[in-house]
C-alpha cells in the first residue's frame, strides 16, 4: 500500500499488484496521514475483467479509481470523462461520444497551439471552488495514450465535439449542456454520494461557458476552438 495525492487530498491505495504503483508514480506522496483509503476485492477485479480482455493488475487500477471517484464528491471533486488541455495557465476540456475523435483533436491542439500541454487525456478530476470557479486536475488515469501530468489549472470552458464536414463552433444551449455533460460524469456510489454529484453538476452548468464544435480533423479546427473559447472566456469572466 502507498499514498497518492489527488487535488491535494492524500489517499491511501491498498493494492494487490505493482502495476498501480507504476501508474501512480508521479502522484505518490511522502505523507503518512491520509483522508481515506480504497481497495479492490478479488470479486471486483474478476468482474472488471469480464468487461474486456484486460489483465487483473490493470482491472485493479480501474476498480481503485472507481472507489476514489465515489468518495471525492464529498470534497466537492468529481470525475468528468474528457480530455483537458492547458494553454497559458488555463485549462479547456473536450468531451465527445466514443469514436468521435477526442484524442485526435487533443493531438491537434498540441501541434497547432503554441504552449499547449495535455493535463489529462481521459479521466481528469474537476473541483468546484467556493467562489464558483472550477479547477481541473491531472490524474494517473489518463487514457491509453498516457497523456497527462501532475498539475492543475483553472477551467476556462468545456467543448462538446461533433464530426462535421466544415469547422463551426457555437455556444451550447442549456438543454444541450445538461444532456451532454451528464453522460460524461460518473454517477455511482451511495445515494448520498450521487446526491452530492448532482449538486456539483448543477453548479458546474452555470460556472462555465459551453460550446459545440462541429469539426474536421484539421489544425484549423483546433485553432478555431482555442481562439473562440479564449476570447469568450475573458468576456464570460467580466
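Details
- Extension gain (nm, one decimal) between residue 100 and residue 182, 0.36 nm per residue minus Cα-Cα: 27.8 nm
- Each Cα pair under 8 Å and six or more residues apart adds its separation to the average, and for the range 78-236 the resulting relative contact order is 27 percent.
- Helix 102-112 vs. the chain, principal-axis angle (Cα, 0 to 90°, nearest 10): 60 degrees
- Among 50-57, 69-76, 127-134, 80-87, the order from most to least packed when residues are scored by Cβ within 10 Å on average: 80-87, 69-76, 127-134, 50-57
- On Cα atoms only, tilt of 56-71 relative to the major axis of the chain in degrees: 70 degrees
- Between the range 86-104 and the range 127-196, the Cα center-to-center distance that results, in Å: 9 Å
- Working from Cα pairs under 8 Å separated by at least six residues, relative contact order for the range 2-75 is 32 percent.
- Only helices enter the 222 nm calculation for the chain: every DSSP H run of n ≥ 4 contributes -39,500 (n - 2.57), and dividing by all residues gives -11000 deg cm²/dmol, rounded to 500.
- Here the gap between residue 174 and residue 33, fully extended at 0.36 nm per residue and compared with their Cα-Cα distance, gives a gain of 46.6 nm.
- Between 0 and 90°, nearest 10: helix 219-236 axis offset from the chain longest Cα axis: 90 degrees
- Principal axis dimensions, largest first and in whole angstrom, of the range 2-75 by Cα: 34, 25, 16
- Annotation: extensible slack from residue 133 through residue 88 equals 14.5 nm (criterion: 0.36 nm per residue apart, minus Cα-Cα distance).
- Computed over the Cα atoms of the chain, the ratio of the radius of gyration to the Kirkwood radius (Rg/Rh) comes to 0.97.
- Fluctuation leader among 14, 43, 176 - the chain, Gaussian network, Cα springs under 10 angstrom: 43
- Mean Cβ count within 10 Å, highest first, over the residues of peptides 33-41, 210-218: 210-218, 33-41
Quick note: the coordinates plus some simple rules give every number you see, no bench work behind them. Since this is a predicted model, take the numbers as computed values, not measurements. Don't worry about glycine lacking a Cβ; one is built from the backbone with ideal geometry, like all the others, and counts go over all protein chains shown.
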